[in-house]
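S.K.: Once you've had a glance at the structure underneath, I'll fire off some questions.
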Amino acid sequence: MLTIDYRLLPEEKRGTLQNTSNLGFGTKFTDHVFLMYFNETEGWHDAQIVENSSINLSVSAAVFHYAQEIYEGMKAYRDRNGQVFLFRPWENAKRFNESAKRLCMPELNEEDFVIAIRELIKIEEKWVPCTENSALYIRPTMIAISDNINLVAATEYLFFVVLSPVDPYFKTEKKYLDIYVEDKMARSVYGGVGNAKTGGNYAASLLSTKIAHSKSCSQVLWLDGKDRRFIEETGVMNIFFVQNGNLLTPLLNDTILPGITRKSVLQLAKDNGIKTVEGKISIEEIIEGILDGTVTECFGTGTAAGIAAIGTLNYKNHVYEINRKLIGPITEKLQYNLVGIQYNVLEDPYNWRMPL
Ligand code: COI
């Protein structure tokens with residue numbers, strides 16, 4: 001059982017959740033963080049919930065040099081009666097350990113991972129917003145902190161959890177996203193770390209994202225690292241298409257992040273009698289399907305983004321419009337189902353919700 005040392009701020013020094021109608025994403029943080037340290041003699045130790053302030057690390061800490069870092073993205077949702085729920089936290093605990101193995105980092109007891117998050121949110125409960133579609137974003141992270149610039153796996157680590165009240169990642173005037181299909185740079189390669197949730201994957205995406213923005217697109221769509229043909233995922237989301245009424249998404253392999261929203265959406269689609277196909281999907285067949293009218297919907301899924309409708313694909317300087325940029329019925333249905341479970345409006349047949 002995890003023993004936590006609580007060093008909490010006095011009430012009068014704690015902040016408040018302000019401007020709940022315009023939270024944005026990832027710039028506001030709660031008063032406290034969870035910290036826990038690892039070394040080879042003690043294992044994971046010194047769990048604490050403390051004021052959210054700077055931590056003291058040497059400039060020689062391994063994470064700054066070789067990016068030995070992993071993280072998770074989760075959310076806590078408040079229902080209409082004020083009760084707070086996590087969504088499938090065990091899935092995040094499992095994926096965190098998969099990423100840890102790939103990055104040569106120590107695994108965390110899954111129960112401790114969930115306890116750390118729940119205990120922190122219990123203290124920060126007032127920060128869980130109650131406005132529509134907003135939530136408390138949870139960022140569990142592990143970094144290598146050994147003072148060592150030799151290229152070996154570190155021997156000391158810090159696990160921390162930081163909380164941020166947020167709006168959906170894409171909260172724009174438009175109801176759909178414009179996506180830039182990257183046909184030169186690649187996000188990942190077979191045998192690489194594309195399926196691990198590690199910061200380096202996201203740092204490597206910044207240049208393409210900048211190009212996407214210069215083309216008035218909000219996201220990059222990545223193609224495979226070998227032929228730049230097969231669709232993988234977008235900058236912050238897995239991707240889905242509706243073709244001839246079937247739901248298509250790229251089959252997971254070691255180049256694609258195994259999204260928990262992706263997995264949930266596939267289940268919800270099956271429950272709604274929609275045929276799901278996980279396979280290799282080429283950009284050419286999707287463009288052809290958009291042009292001949294068989295591809296009628298496209299959307300992305302992710303914790304930060306939820307289910308976000310995609311209205312256009314910009315590929316090799318042509319803009320292909322999907323379904324006149326209208327949100328399609330399958331996208332809407334899945335959004336309704338997922339959000340309904342997350343916010344405790346609909347039945348939860350698989351016990352995905354975990355009360356705080
Ligand atoms: C998430 O959806 O939780 C992510 O980790 C994506 C991040 C870049 C916001």
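S.K.: Just order 259-265, 14-20 by mean Cβ neighbour count inside 10 Å, highest at the front, would you?
M.R.: Values: 259-265: 22.1, 14-20: 12.0.
The peptides rank, most packed first, as 259-265, 14-20.
S.K.: Further question: When all C-alpha to C-alpha distances in region 118-214 are sorted into bins of 5 Å, what percent of pairs does each bin hold, rounded to whole numbers?
M.R.: In whole percents, the pair-distance histogram is 2, 9, 12, 14, 16, 17, 14, 10, 4, 1.
S.K.: Can you tally the net charge around residue 8? Count Lys and Arg as +1, Asp and Glu as -1, for every other residue whose Cβ sits under 14 Å from the Cβ of residue 8. Show your work: numbers first, answer last.
M.R.: Details: positive: 7, 13, 14, 122, 126; negative: 5, 11, 12, 31, 51, 119, 124, 125.
That sum, taken over residues with Cβ under 14 Å, equals -3.
S.K.: For residue 131 and residue 202, compute 0.36 nm times the residue count separating them, minus their Cα-Cα distance, and round to one decimal in nm.
M.R.: Gain on stretching residue 131 to residue 202: 22.7 nm.
S.K.: Shifting gears a bit: Could you give the length gained on full extension between residue 325 and residue 46, defined as 0.36 nm per residue of separation minus the Cα-Cα distance, in nm?
M.R.: Numbers: separation 279, 0.36 × 279 = 100.44 nm, distance 5.16 nm.
So the extension gain works out to 95.3 nm.
S.K.: Using the Cβ atoms and a cut-off under 11 Å, what net charge is assigned to the surroundings of residue 261, where Lys and Arg are +1 and Asp and Glu are -1?
M.R.: Details: positive: 75, 88, 262, 263; negative: 91.
Here the count lands on +3.
S.K.: Pulled fully out, how much extra length does the chain show between residue 22 and residue 65, if you take 0.36 nm times their separation in residues and subtract their Cα-Cα distance?
M.R.: Working: separation 43, 0.36 × 43 = 15.48 nm, distance 3.60 nm.
Full-extension gain reported as 11.9 nm.
S.K.: Also, I was wondering about something else. Taking Cα centroids, how far is region 90-110 from region 2-76 in Å?
M.R.: So the two Cα centres are separated by 18 Å.
S.K.: Is the shape of region 47-186 best called rounded, prolate or oblate, per the rule: a/c under 1.5 gives rounded, else a/b larger than b/c gives prolate, else oblate, with a ≥ b ≥ c the square roots of the Cα gyration tensor eigenvalues?
M.R.: Details: a/c = 2.01, a/b = 1.31, b/c = 1.54.
Here region 47-186 falls in the oblate category.
S.K.: Please go through the residue pairs 171/275; 28/210; 174/333 and name each one whose alpha carbons sit more than 21 Å apart in this structure.
M.R.: Working: 171/275 30 Å; 28/210 24 Å; 174/333 19 Å.
Correct reply: 171/275; 28/210.
S.K.: Can you sort 127, 44 by 1.4 Å-probe accessible area, starting with the largest?
M.R.: Values: 127 15, 44 60 Å².
Reading off the accessible areas and sorting them downward yields 44, 127.
S.K.: Next up: For region 241-291, which semi-axes, largest first and in whole Å, follow from the square roots of 5 times the eigenvalues of its Cα gyration tensor? The partial results should precede the final answer.
M.R.: Working: eigenvalues 71, 53, 10 Å².
Taking √(5λ) for each Cα gyration eigenvalue gives 19, 16, 7 Å.
S.K.: Now for a different question. Which of 175/215; 101/197; 226/316; 175/316; 226/280 have a Cα-Cα distance over 22 Å? Could you put the intermediate results ahead of the total?
M.R.: Values: 175/215 18 Å; 101/197 11 Å; 226/316 18 Å; 175/316 24 Å; 226/280 13 Å.
With Cα atoms farther than 22 Å apart: 175/316.
S.K.: Please figure out what share of the DSSP beta bridges in region 1-134 is antiparallel and state it in percent, rounded to the nearest 5.
M.R.: Details: 10 of 13 bridges.
Percentage antiparallel, nearest 5: 75.
S.K.: Which order do 53, 214, 146 take when ranked by solvent-accessible area (1.4 Å probe, heavy atoms of all protein chains), largest first? Present the calculation step by step, with values, prior to reporting the outcome.
M.R.: Numbers: 53 70, 214 90, 146 5 Å².
From most exposed to least exposed: 214, 53, 146.
S.K.: Sort out for me the Cα centre separation of region 125-184 from region 279-323, rounded to whole Å.
M.R.: Centre-to-centre (Cα) distance: 25 Å.
S.K.: What is the sum of charges, Lys and Arg at +1 and Asp and Glu at -1, for the other residues whose Cβ falls under 15 Å from the Cβ of residue 243? Walk me through the numbers on the way to the answer.
M.R.: Details: positive: 275, 280; negative: 278, 284, 285, 288, 292, 297.
Residues close to residue 243 contribute a combined charge of -4.
S.K.: If you don't mind, there's one more thing I want to ask. Okay, helix-only estimate at 222 nm for the chain: each DSSP H run of n ≥ 4 adds -39500 (n - 2.57), divide by all residues, round to 500 deg cm²/dmol; what do you get? Could you put the intermediate results ahead of the total?
M.R.: Working: 8 runs with 83 residues, N = 356.
Mean residue ellipticity at 222 nm (helix-derived): -7000 deg cm²/dmol.
The values are calculated or read from the model by the stated rules, or taken from the named source; none is laboratory data. All of these numbers come straight from a predicted model, not from anything done at the bench. All Cβ positions, glycine included, derive from the backbone under ideal geometry; neighbour counts span all protein chains shown. The accessibility values were calculated without ligands, DNA or RNA, using every heavy atom of the protein model including side chains. Shrake-Rupley method; radii C 1.70, N 1.55, O 1.52, S 1.80 Å.
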